[in-house]
Amino acid sequence: MSQKTWAEERPPEDFYRILDPEGKLQTDAPELADDELLELYRTFLSTRVLEEKMLNMQRSGEVSLVARTFGEEATPLGGAAALQSDDWIFYTYRQTPALLYWDLPMAEVIASATGHEPETIAEQLDTEDPPVNFPPGYTPIGVNVTNAVGSAMADAFNDRDTVTMVFTGDGSTSQGSFHDGMNFAGVFDVPAVIICQNNQWAISEPSQRQTASETFAQKADAYGLPNERVDGNDVFAVYEKASEAVERARSGGGATFIECVTYRMGAHNTSDNPDLYRDDSEQREYWEDRDPVDRFETYLRSEGVLDDETDAEIRDEIDERVTDAVDQARSISNSEPERMFDNTLHERSWREHHQRAELHRELNGDNPFVDFTGEGFDG
Amino acid sequence: MSQKTWAEERPPEDFYRILDPEGKLQTDAPELADDELLELYRTFLSTRVLEEKMLNMQRSGEVSLVARTFGEEATPLGGAAALQSDDWIFYTYRQTPALLYWDLPMAEVIASATGHEPETIAEQLDTEDPPVNFPPGYTPIGVNVTNAVGSAMADAFNDRDTVTMVFTGDGSTSQGSFHDGMNFAGVFDVPAVIICQNNQWAISEPSQRQTASETFAQKADAYGLPNERVDGNDVFAVYEKASEAVERARSGGGATFIECVTYRMGAHNTSDNPDLYRDDSEQREYWEDRDPVDRFETYLRSEGVLDDETDAEIRDEIDERVTDAVDQARSISNSEPERMFDNTLHERSWREHHQRAELHRELNGDNPFVDFTGEGFDG
Amino acid sequence: MGSESEQLELNTDEMSMESEPDTEEMNLITAVNRTLRQEMNRNESVRLLGYDIGPLGGVYRGTEGLLEEFGGERVIDTPLSENGIIGTAAGMAMRGERPVPEIEFMGFFYPAFGQFMYAVVKTYKRTGGELEMPMTVRMPYGGGVKALEYHQESTETYFVHTPGVRVVCASTPAQTKGLLAESIRNDDPVIFLEPKKIYRGVEEPVPTDEYTLPLDEARVVRSGSDVTVLTWGAMVHQANAAAADVDADVEIIDLRSLSPLDIETILDSVSKTGRCVVLHEARRTLGLGAELSALINEYALDRLKAPIKRATGYDAHFPGHDIEDDYLPDDDRARYAIQAVMNYEF
Amino acid sequence: MGSESEQLELNTDEMSMESEPDTEEMNLITAVNRTLRQEMNRNESVRLLGYDIGPLGGVYRGTEGLLEEFGGERVIDTPLSENGIIGTAAGMAMRGERPVPEIEFMGFFYPAFGQFMYAVVKTYKRTGGELEMPMTVRMPYGGGVKALEYHQESTETYFVHTPGVRVVCASTPAQTKGLLAESIRNDDPVIFLEPKKIYRGVEEPVPTDEYTLPLDEARVVRSGSDVTVLTWGAMVHQANAAAADVDADVEIIDLRSLSPLDIETILDSVSKTGRCVVLHEARRTLGLGAELSALINEYALDRLKAPIKRATGYDAHFPGHDIEDDYLPDDDRARYAIQAVMNYEF
Ligand SMILES: Cc1ncc(C[n+]2csc(CCOP(=O)(O)OP(=O)(O)O)c2C)c(N)n1
Ligand SMILES: Cc1ncc(C[n+]2csc(CCOP(=O)(O)OP(=O)(O)O)c2C)c(N)n1
Ligand SMILES: [Mg+2]
Ligand SMILES: [Mg+2]
């Protein structure tokens, strides 16, 4: 009977790959200029630095929970880089590179982990809107897939050539909302790209406990969507297939489903302790050898796009930006308690008015329950 | 802009078939003895007679709503015939032949359309339990697929060799509960057979509006389940593939998904008027030519299993049974109003006790709102 | 059922119209249909989603003719998934559309509860007000039509307990027009309940011009000094019938907005009459009557001359046809409750 | 938080045990774990389902060690779908199993609302009592742990308004053991709420022998003559703290069963004290406090010396960490409510 940890099953590796684990091209590289390549590199690094920093802040209690992208960065990065301004990205908690690539202010990323009310962050951080649209990251999983497809329906019906990209985890494919999003995407032929960031784990459950399908890519069959399966640790492969999908979507060819095979190197988040359920010493080694950043760096250096000097410059710049962002985020003061009522409905009802008054009294040390007529808090 | 009715798209016909539309064998018939063949025939006919009778009862207001299986009978019949005693069938409102094949009393079928409380039917109809288990037919769709898979999980975990079969419509595959059932079936390798009775319509919507997948069968890919696609109007084809699936399930080989392609010849149910949304004169003709009963009858006669005399006997016997069943069902008197509280929870709470008393008073013409102490209705 | 004249009177100044508007006699479902058409003409972002709303025009014909007039990108027949409908509608709303999904029956909303809770009611807050969710979910609700299980439910509690959404219920054709138009124009998500039992039962003159009715004001259907009946939807008509048939001067309030409540109108009325009955189809326990009673207790206890009685559905599953009339509250049950509180003495 | 001695006393005769039972000091989550183990040993049909309940032992470790002891067919890690968990559990229950699904957080139950409404609460009725649905859905609920959105909810209203299901909430380790065991043995579906804030905060001696506590009896935590506080779960401890710190003789009732309610105990208490405060984390509108207030109004109005006040969460989304303490009711808010009703004069 006894089962202590899961035995992992490595998924098939017959996926699309451009850059091999040693950082050598297996086939033609995508057409990217040097500055575009460096932009990818910069995002890789800034993700690592930022997340490392946030991890420290979590340890010291400044932020409450951190979920890292570590080791999976090529997937959100390659996907996001395939988009254009005005496109939409529906993300989860594991796509930091997609946010940073499109200049979602780092301070906002940090702030969102502090647990401040959204209005507080918006007001106290004087930041610019990124060129790509990010709806909110939300906690419940699967939900964003359906919403993203709705977003793409809006584009289709308005004949806009905007594309919506959505990221979902492997575990999240089990949700009804994943099913709905995929199905509606097929029926309405929408300009969407649905990316499954298959890191093989959903908290403590390996993907063989999530589905019996051999690949996640083949789930697209159920919905009549074209699919791709790529090495999720190869930013070129992800970029190329995402670009094809974006192009198809933008030109009216409908939605595509892309499985990016990667691996969750660490804990689910800072509340999690994977030692309890997986013994991944062997897997770790295997996946460390396939690290997306190392691989890309090797390539850049071998192509002469990156040298020690540029690297140092980039790293310095990132350190500075992260430090600034941390300062900015730290400067946010706690919300006014009454904030909790903001943006519930557009207009204040009697109830809202009344409960605000109750809260106000309580905070002032006055008894909030003194209204016995319904008119006690007026005027 | 204007769209008045749907243009139908006939699904691909590259499915498994044994008996061609003319009633000729395309390949070997399943091994069924003459009495088994006649049992199938008898169920075909009794379904038609019973449903016709119920339609009349609906017109005269004796039953409230009738959904017919007309033209689709081979699918539930062939599926159900592949089972054995003690197996389980989770059905919807469109599998009357499955119920009748396994001797679910006709009177119960009729009674369930009268809108009597379940307890009333159970008490007033002195009927025997059928050899196969039927959980209740429930109105919300998709739900039964997950429940059936749970039933099969129970069998698997208890090492029983019972099989659970579940029927779902094409439209119902869009529900999250379908997704969940399929997914859990794959992951837990359960002894279940999931049959999609694809009659190409979900009330007013044709299946091309339900999903972009070319076939329903291929939806199984998403869940790692084997699938079959059969001519749903060919009872032999359905029986054969269902039998293989049942055999696989019973011997520990896990679940199978079977798409049976058929066509809803009539209205969704007696509240529906399909003329409003489909112009199916052409389709009807096509599908009438493929009528499952005609086809099977032709075969039986050509094989000498059926002749006019046997046919007449069977029909007489059915008429008698249906007449009896109608009489039985008609004899059910309306529920005692207090029945509504039965079987909500096992024990009566204060609330139930109290509300029963209120109802009782109301029915007696007494004011039910006279208790102002909470003790008014005691003893 | 008694006379229904009172509730058919339109409180015209409420509609801020000139006197003597042109009207057309119509029933409630026709008012739904006309209002959808009006709003779709008025604003291109209004899109209908649901199953069976296209060529069929809805199982109750609420969307009849709209596909022909507006095409398949405005009247969108979807796959058969309530969660998919609400979830894609939410995505559309995030992009500036004004989706008006139809859920075929209130009792089929439940599979959509995830999207409802996670995307619909929270987006506006979650984005600090940046993304709005102007969605109006239409649902036929309520019993008395001898339909199968889940076709007769009245489960507004699940919505009323939830922040970030309005719940509106119309009781007459003219009310329907004004409230539905306002719901669609409103920037909050709205659950719009249509009492299907009286889709076709009751006709009244409905002004042909555009008008809206406020979402935050209950409507005094009938003034009285002895006892207040709080109700909405189809039950307004039962309350009227009871009022006509009881030895008390009954004030009837049609809540119209079930969430948030117009507490001032409610308290004013009960403070005046000192007695109150709540009449609703929903199950009693934590039906909206519970909140109404609690509010009155909290803010007008000293005005109460009698306990508040709740004439409601019972805490049981909606029963079979043969006894559904015994389950549902009606004018008799309303009358009993009125008499009970009238006869009460401390 | 004030003294917590009172509520830790075990009402031992309630457990029908001999005097002086062996006990072990433990916290609430350990009591959950031990009780699951006990019931799994006692009855082979008890099977746990959920995600992360296997090798991880639950994100709160409620199922720790159980996979190793009972194997993967008794402790079933499922795909990540609440609807799938509840739906397959329902199918298993139809086949005579006693599934005990875990929903990781109450706020993630919503995608399962379809299966819950269609299969769980209705099967027993739908089959005229032939098929039972003996399922116990365990869910950590409630706030105060500085977790993300939907990890802090208290939405028992959705369940309490629904017929065909029991709703039970434990407030101490010893209560947990007796109530959870009884829930699992009970033939009705039970929503079993675990106050995660005090999973580890409070320890008490728990009898080592098997015992059950009734699902239909509220518990008088502390007797008093001036005012009744109705509460449950983590708030019982806040009520105790408030009672210790207020100039009134407070009676505290831990409801234990939120549905159906033990109305007799409630009415007895309020009839005695004449004053009542409800204390709950849930949003106020149609929180269970509404029903309690309405019931008291209906059956004990003439005993009331003051309106009933509801010290509750506000009608807003559960806020960010920075202000969650201002959202949640605590001993202060309870005290204010007690004082308000104590000082009230007609
Ligand atoms: C509806 C819902 N159920 C449960 C959770 C709790 N939860 C958060 S993340 C997670 C695992 C998700 O796994 P996966 O989709 O593979 O994404 P990953 O974390 O691996 O990126 C779970 C169960 C949730 N957020 N939402
Ligand atoms: C959850 C839910 N939503 C909506 C309905 C209303 N409804 C009843 S049958 C039906 C169509 C089902 O189509 P399909 O699955 O193809 O089955 P068929 O009627 O063709 O046999 C619909 C929408 C329902 N019963 N349950
Ligand atoms: Mg994952
Ligand atoms: Mg169909």
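The values are calculated or read from the model by the stated rules, or taken from the named source; none is laboratory data. The model shown is predicted, which means the values in this text are computed figures rather than measured ones. Note: ideal-geometry Cβ built from the backbone for every residue, glycine included; neighbour counts use all protein chains shown.
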Checklist outcome for this item: For region A:58-78 the number of residues that are surrounded by fewer than 24 Cβ atoms within 10 Å (Cβ to Cβ) and either away from every other protein chain (no Cβ under 14 Å) or in a helix (DSSP H, G or I) (or both) is 5
Checklist entry - From the list B:Ser271, B:Ser243, which residue is away from ligand 3 (no atom under 16 Å from the Cβ), surrounded by fewer than 24 Cβ atoms within 10 Å (Cβ to Cβ), assigned to a helix (DSSP H, G or I) and touching a residue at least 12 places away in the same chain (Cβ under 8 Å)? => result B:Ser243
Checklist outcome for this item: Of B:Arg264, B:Arg250, B:Arg295, the only residue that is over 30 Å from B:Ser85 (Cβ atoms), of a type in the set (Lys, Arg) and more than 14 Å from chain A (Cβ to nearest Cβ) is B:Arg264
Checklist entry - Which one of these is more than 9 Å from every other protein chain (Cβ to nearest Cβ) and either under 18 Å from the mean Cα position of the chain (by Cα) or not in a strand (DSSP E or B) (or both): A:Met182, A:Met165? => result A:Met165
Checklist entry - With region C:116-211 as the region, which helices (runs of 4 or more DSSP H) entirely inside it contain at least 3 residues that are more than 14 Å from every other protein chain (Cβ to nearest Cβ) and free of Cβ contacts under 8 Å to residues at least 12 places away in the same chain? => result none
Checklist outcome for this item: Those residues of region B:105-139 which are among the β-branched types (Val, Ile, Thr) and under 15 Å from B:Gln328 (Cα atoms) amount to B:Val109, B:Ile110, B:Thr114, B:Thr120, B:Ile121, B:Thr127
Next on the checklist: Tell me whether region D:45-65 contains one or more residues that are in a helix (DSSP H, G or I) and at pLDDT 95 or above.
Outcome noted: no
Checklist outcome for this item: Those residues of region A:301-359 which are closer than 23 Å to C:Asp262 by Cβ, among the small types (Gly, Ala, Ser) and part of a loop (DSSP other than H, G, I, E, B) amount to A:Ser349
Item to check | Looking only at region B:330-379, and only at residues there that are aliphatic (A, V, I, L, M) and within 12 Å of chain D (Cβ to nearest Cβ), the one that is surrounded by the fewest Cβ atoms within 10 Å (Cβ to Cβ) | outcome: B:Val370
Next on the checklist: Looking for something touching a helix residue (DSSP H, G or I) at 6+ places or on another chain (Cβ under 6 Å), among the polar types (S, T, N, Q) and under 22 Å from D:Val277 (Cα atoms) - is there at least one such residue anywhere in region A:356-368?
Outcome noted: yes
Next on the checklist: Kindly evaluate A:Ala202 against the criterion of being away from ligand 1 (no atom under 15 Å from the Cβ) and hydrophobic (A, V, I, L, M, F, W, C).
Outcome noted: no
Checklist entry - On the given criteria, is B:Thr120 among the hydroxyl-bearing types (Ser, Thr, Tyr) and over 12 Å from the mean Cα position of the chain (by Cα)? => result yes
Item to check | Residue, nearest to B:Val145 (Cα to Cα), within region B:183-211, restricted to residues that are more than 16 Å from ligand 2 (Cβ to nearest atom) and either in contact with a Leu (Cβ under 7 Å, 6 or more places away or on another chain) or of a type in the set (Lys, Arg) (or both) | outcome: B:Ala185
Checklist outcome for this item: Within region A:185-204, the residues that are away from ligand 4 (no atom under 16 Å from the Cβ), at the interface with another protein chain (Cβ under 7 Å from one of its Cβ atoms) and closer than 26 Å to C:Ile76 by Cα are A:Gly186
Checklist outcome for this item: Of B:Gly232, B:Gly186, B:Gly224, the only residue that is touching a Cys at 6+ places or on another chain (Cβ under 6 Å), away from ligand 3 (no atom under 16 Å from the Cβ) and of a type in the set (Gly, Ala, Ser) is B:Gly232
Checklist entry - Out of region D:295-338, which residues are of a type in the set (Gly, Ala, Ser) and over 21 Å from the mean Cα position of the chain (by Cα)? => result D:Ala300, D:Ala306, D:Ala316, D:Gly320, D:Ala337
Checklist entry - Going by the structure shown, is C:Gly107 at the interface with chain A (Cβ under 8 Å from one of its Cβ atoms), modelled with pLDDT of 95 or more and assigned to a helix (DSSP H, G or I)? => result no
Checklist entry - Across region C:93-144, what is the total count of residues that are within 16 Å of ligand 2 (Cβ to nearest atom) and not small (Gly, Ala, Ser)? => result 18
Checklist outcome for this item: Checked region B:156-172 for anything more than 7 Å from ligand 2 (Cβ to nearest atom) and either among the β-branched types (Val, Ile, Thr) or buried (at least 24 other Cβ atoms within 10 Å of the Cβ) (or both); matches are B:Thr162, B:Val163, B:Thr164, B:Met165, B:Val166, B:Phe167
Next on the checklist: With the structure loaded, tell me whether C:Pro195 is touching a Pro at 6+ places or on another chain (Cβ under 9 Å) and buried (at least 24 other Cβ atoms within 10 Å of the Cβ) or whether it fails that test.
Outcome noted: yes
Next on the checklist: Between C:Asp249, C:Asp268, which is surrounded by fewer than 24 Cβ atoms within 10 Å (Cβ to Cβ), over 30 Å from B:Glu338 (Cβ atoms), more than 10 Å from every other protein chain (Cβ to nearest Cβ) and free of Cβ contacts under 8 Å to residues at least 40 places away in the same chain?
Outcome noted: C:Asp249
Item to check | Meets criteria (more than 16 Å from ligand 3 (Cβ to nearest atom), surrounded by 23 or more Cβ atoms within 10 Å (Cβ to Cβ) and either part of a loop (DSSP other than H, G, I, E, B) or more than 14 Å from chain A (Cβ to nearest Cβ) (or both)) for B:Thr211 | outcome: yes
Checklist entry - Can you name every residue in region B:79-107 that is polar (S, T, N, Q) and crowded, with 24+ Cβ neighbours inside 10 Å? => result B:Gln95, B:Thr96
Next on the checklist: Taking the condition of being basic (Lys, Arg), touching a strand residue (DSSP E or B) at 6+ places or on another chain (Cβ under 7 Å) and more than 8 Å from chain A (Cβ to nearest Cβ), how many residues in region D:288-346 meet it?
Outcome noted: 1
Checklist outcome for this item: Selection over region A:99-154 where residues are within 7 Å of chain C (Cβ to nearest Cβ), outside any loop (DSSP other than H, G, I, E, B) and not aliphatic (A, V, I, L, M) yields a count of 6
Checklist entry - Restricting the search to region B:311-346, which residues are touching an Asp or Glu at 6+ places or on another chain (Cβ under 8 Å), among the polar types (S, T, N, Q) and under 24 Å from B:Leu55 (Cβ atoms)? => result B:Asn334
Checklist entry - When you go through A:Asp221, A:Asp159 one by one, which is the residue that is away from chain C (no Cβ under 14 Å), free of Cβ contacts under 8 Å to residues at least 12 places away in the same chain, of a type in the set (Asp, Glu) and more than 16 Å from ligand 4 (Cβ to nearest atom)? => result A:Asp221
Item to check | Single condition D:Glu324 does not satisfy, out of (1) surrounded by fewer than 23 Cβ atoms within 10 Å (Cβ to Cβ); (2) more than 24 Å from D:Lys146 (Cα to Cα); (3) touching a residue at least 12 places away in the same chain (Cβ under 8 Å); (4) among the acidic types (Asp, Glu) | outcome: (2)
